[in-house]
Each structure stands twice: as C-alpha cells, then as structure tokens.
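Contents: one structure, followed by commentary.
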Number of protein chains: 2
Amino acid sequence: MITLAIAADHAGFPLKQKLMNLDEYLWDDHGTHSTDPTDYPILARSIIPEVLSNRCAFGVLICGTGIGMSIAANRYKGIRAALCFNSEMAYLARTHNDANILVLGARTISDDVAVECLKTFATTSFEEGRHLGRIHLLDIY
Amino acid sequence: MITLAIAADHAGFPLKQKLMNLDEYLWDDHGTHSTDPTDYPILARSIIPEVLSNRCAFGVLICGTGIGMSIAANRYKGIRAALCFNSEMAYLARTHNDANILVLGARTISDDVAVECLKTFATTSFEEGRHLGRIHLLDIY
C-alpha cells in the first residue's frame, strides 16, 4: 500500500477529509485540521520533504482553486506539482510531466472528479522518452 | 494599450496565434513560431524577465495541458503563474493570488474559453487584504 502526503488550506479541508476516507492508500496528513483560516504557502511547504525524500509515493495539495498551492509547491527544485481538473489531465501530468504532487481545487471541481484524478494519478507511470529532457530542463533555471 | 508577453510550445502554438489576433493588446511574442517540437521549459523562461521587470503588464504561457508551463514558470521568485480553465479561475487568480502569468492548456479548454480567461485576467485587480501576507510567504522558501 502506498503512502501519500496530503495538505490543504481551510478551503481544501473538507475535500482532504473525504480523500482520506479512501482506504486503498496510507495517508500522511500535514493538516490543516479545521476550516479556520490558514496560509496555503505554509501548508504546501509542509509536504515538500516527504515528496523529495520519497518517503511518500507522491503528494496531494488542495486549496480553493489549486492555484496558490501550485505556485507554492513549484518553487522547489525537484517538485512537479500539477493542477488537474479531470482524470485526463491527471493522466497527462504523470505520463508527460512525471508530476509528483497532484494539486486540486476544492471549489472548482466536484469531489467525485477529485477522486477520479487521484486514482488516475496513483496508477499512471511516467512515459520518459521525449519528455525526459524537458523534465531535466525544469530544474536548470 | 497594455503589452503582454506570450510564449507557447508546439501544442500551444495555434492558440497563441489566435490570441495574438486580439487587437486590444500589444503582443511581445517569444515564440514558438511553428508546430515543430519544442521544449516548454525554455519557452516559459523566455518571458520571465519581461514580467519581473514590468516591461509587460503580464505574461501568457500555453502548452498542451498548461501543467508543464505552470511548473516551469513558478520556479522563479516573484512569478505567480496561474493555470486557469475558466474565467472564474482567472478572476480568482488575479483577486486572490495576484497572478502575473496566465497559463492555458490548448488541448484542455476551447479557444473561446481561453479568450474569456485572458479578458478576465487583464481586467481584474488584486484584492490585497488577507491575501497580501500569503503572497509574501510564497517567496520565503
């Protein structure tokens, strides 16, 4: 069973709790733990070491739109955080971008679509090939 | 009239050409200039100095899903690149995240939705308030 690091701000908290009901994964929950206001950059940062060290198979970040979490996480070399709004995007995020964090917008997609994105992300492998050189270029800047 | 820096990979090239037909903006076109394969990280990088120096009002980046461009651009301090799939997201990207690059997925949204996103992004201001502290936190990592 794979372990997933997860964090959400107050807007993403309810969806985080729903995803953590999926018992086919082990969850490493970095908060937040209520709908009280929080700062998404701090929550995003909390899972970065888990993902970069491979202690978790991948990370999941949730805020209202996913935009704030996506900016915050992609500041880090080696992180490839993909904001997805359907399972086709989750598939392409893994096959083309070797994404290691799935970012979801709790206020922009339904809970069912979020679950589909997660399941697709978790079961799809990187294609390598022509995409490998582009992944390397992401960390030369 | 505001100037927008724009770049796209081969998948985003056709949409880039369509957006550049909108004559209410001046366009600073950083390529690509055909559908021949290109590397999105290099195209993303090309507009960063234009955005950070404020030589352009904001930037527009396009690839197949927007995911690669979003990862690449958000590597840079001061850049807040927002992958949007409808005009509500473009509105929130500006009001909440003070986004300075609009990222679009040419293969995931229609050309009409892309135009709506651009027009909303261009006419919406940052709300500041509670969002200001979070924006500052994005660049402390």
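So B:Thr38 fits all but one of (1) surrounded by fewer than 20 Cβ atoms within 10 Å (Cβ to Cβ); (2) in contact (Cβ under 8 Å) with a residue 24 or more places away in the chain; (3) more than 14 Å from the chain's Cα centre (by Cα); what number is the exception?
(1)
Would a scan of the stretch B:5-15 turn up a residue that is surrounded by fewer than 23 Cβ atoms within 10 Å (Cβ to Cβ) and either touching a Phe, Trp or Tyr at 6+ places or on another chain (Cβ under 7 Å) or among the β-branched types (Val, Ile, Thr) (or both)?
The answer is no; no qualifying residue exists.
Taking the stretch A:34-50 on its own, how many of its residues are under 17 Å from B:Ile140 (Cβ atoms), in a loop (DSSP other than H, G, I, E, B) and out of contact with any strand residue (DSSP E or B) (no Cβ under 9 Å at 6 or more places or on another chain)?
Residues that pass the stated criteria total 1.
Within the stretch A:104-124, can one find any residue that is in contact with an Asp or Glu (Cβ under 7 Å, 6 or more places away or on another chain), more than 8 Å from chain B (Cβ to nearest Cβ) and closer than 20 Å to B:Gly105 by Cβ?
No, that holds for no residue.
Inspect all residues belonging to the stretch B:50-60 and state whether any of them is out of contact with any Leu (no Cβ under 8 Å at 6 or more places or on another chain), buried (at least 24 other Cβ atoms within 10 Å of the Cβ) and either under 28 Å from A:Arg130 (Cα atoms) or not β-branched (Val, Ile, Thr) (or both).
For the stretch B:50-60, residues out of contact with any Leu (no Cβ under 8 Å at 6 or more places or on another chain), buried (at least 24 other Cβ atoms within 10 Å of the Cβ) and either under 28 Å from A:Arg130 (Cα atoms) or not β-branched (Val, Ile, Thr) (or both): absent.
On the basis of being in contact with a helix residue (DSSP H, G or I) (Cβ under 9 Å, 6 or more places away or on another chain) and more than 22 Å from B:Pro41 (Cα to Cα), does A:Asp28 make the cut?
Yes, satisfied.
Can you tell me how many residues in the stretch A:89-102 are crowded, with 17+ Cβ neighbours inside 10 Å, more than 9 Å from chain B (Cβ to nearest Cβ) and not acidic (Asp, Glu)?
Result for the stretch A:89-102: 6.
Where residues in the stretch B:125-141 are touching an Asp or Glu at 6+ places or on another chain (Cβ under 6 Å) and within 12 Å of chain A (Cβ to nearest Cβ), which of them is nearest to A:Pro49 (Cα to Cα)?
B:Leu137
Residues are listed down the side, and each one gets a yes or a no for (1) closer than 19 Å to B:Leu92 by Cα; (2) touching a residue at least 40 places away in the same chain (Cβ under 8 Å); (3) among the small types (Gly, Ala, Ser):
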position: A:Ile62; (1), (2), (3): yes, yes, no
position: A:Thr65; (1), (2), (3): yes, yes, no
position: A:Met69; (1), (2), (3): yes, yes, no
position: A:Arg75; (1), (2), (3): no, no, no
position: A:Arg94; (1), (2), (3): no, no, no
position: A:Asn100; (1), (2), (3): no, yes, no
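Every number here is computed from the coordinates shown, using simple stated rules; none is lab data. Just so we're clear, the structure is a prediction, and the values are computed from it rather than from any experiment. Neighbour counts run over all protein chains shown; Cβ positions are idealised from the backbone, glycine included.
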